[in-house]
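The values are calculated or read from the model by the stated rules, or taken from the named source; none is laboratory data. Since the structure is predicted, the reported quantities are computational estimates derived from the model, not experimental observations. Cβ sites come from the backbone with ideal geometry, for glycine too, and all protein chains shown count toward neighbours. Side chains are part of the model used for accessible areas, which takes the heavy atoms of the whole protein and leaves out ligands, DNA and RNA. Shrake-Rupley method; radii C 1.70, N 1.55, O 1.52, S 1.80 Å.
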Amino acid sequence: MSVDERAPLRVLVVDDDPRVRADVISLLDASDELQVVADTPDPAAAVTLAERLRPDIVLLDAASAGHTRPLSGTSRVFLLSDDPAAAETALRAGACGHLAPGSFTVPELIRRVRDASRTTLGLSARESEVMDLIATGRSNGEIARQLFLSEKTVKNHVNRIYAKLGVSSRATAIALWRGMVSVLPVRD
């Protein structure tokens, strides 16, 4: 697998309100870390788009929450809603989290994706910290200097991370960390 760790996370935006959709797209397009690959007001079309485009993230409005399960099989789904009941339903159906429309930032979305990866992947706080630095392209030596650790300790953390993730390369570990490769169980 060839993965460019500097590639932006690919996002599909699903919202039946054209103004909200335009605002979310405008927010995401301002970031080098995210790329909107498609948007649609139609949740059924979103499922087809997600299967074809394989986005890393799907931002889904509350009206489309019933499509969370099929979308969560291919992407990290975040519900755009400030309705706690809708959020709870979406979370039970496989969403990674929810965001209040109009009140989240790009760094918050990226942090939420990373938090979802941490939870799914089962890394410790220190391993997560090391993985964050790996995902930015830092070498073991650079990580050691930044975290005030020996290079051998960093190498031990990297080996434990690889074992927990079931990977053998930095590129694949980064892909999992960034949510570019699904670690979710395949659903029938």
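At 1.4 Å probe size, with the rest of the protein present, what percent of the exposed accessible area of the chain is carbon and sulfur atoms?
Working: 4670 of 9290 Å².
The C+S portion of the solvent-accessible surface of the chain is 50 percent.
Please work out how much accessible surface ASP115 shows to a 1.4 Å probe, ignoring ligands, DNA and RNA, in Å² rounded to 10.
50
Which residue fluctuates the most in the chain, going by a Gaussian network model with Cα springs under 10 Å, if the choices are LEU165, LEU147, LEU109?
Of LEU165, LEU147, LEU109, the most mobile in the Gaussian network model is LEU147.
Note the full-extension length gain between ARG111 and ASP83 as 0.36 nm times their separation in residues minus their Cα-Cα distance, in nm to one decimal. List each step's numbers first, then the result.
Working: separation 28, 0.36 × 28 = 10.08 nm, distance 2.11 nm.
Here the answer is 8.0 nm.
What whole-number value in Å² describes the accessible area per residue of the range 1-147 for a 1.4 Å probe? Working shown, then result.
Working: 6820 Å² over 147 residues.
Here the residues of the range 1-147 average 46 Å² of exposed surface.
Between GLU142 and ARG54, what's the calculated FRET efficiency when r is the beta-carbon distance and R0 is 35 Å? Round to 0.05.
Details: r = 31 Å, r/R0 = 0.89.
Step by step, r from the Cβ atoms, then E = 0.65.
Using a Gaussian network model on the chain with a 10 Å cutoff between Cα atoms, which of THR74, THR153, THR89 fluctuates the most?
Sorting by GNM fluctuation, first place goes to THR153.
Positive end of the dipole of the chain, charges at C-beta (+1 Lys, Arg; -1 Asp, Glu), about the Cα centre: which of ASN159, PRO70, PRO107 has its Cα farthest in that direction?
ASN159
Okay, which of the range 146-176 sit inside 12 Å, backbone N to the point 7 Å along the Cα-Cβ direction of ASP132?
Only 147 pass the distance filter.
Springs between alpha-carbon atoms under 10 Å, Gaussian network over the chain: tell me which of LEU133, LEU53, LEU149 tops the mean-square fluctuations.
LEU149
Between ASP23 and LYS152, take the C-beta separation as r, use R0 = 41 Å, and let me know the FRET efficiency to the nearest 0.05.
Numbers: r = 48 Å, r/R0 = 1.18.
Efficiency for this residue pair is about 0.25.
I need to check one value: relative contact order of the chain, counting alpha carbon pairs closer than 8 Å and at least 6 residues apart, in percent.
On the way: 287 pairs, mean separation 39.5, N = 188.
Answer for the chain is 21 percent.
Treat each spin label as a single point 7 Å out from the Cα along the C-beta direction, and report the ARG92 to TYR162 distance in nm.
With each label point 7 Å from Cα toward Cβ, the separation is 4.2 nm.
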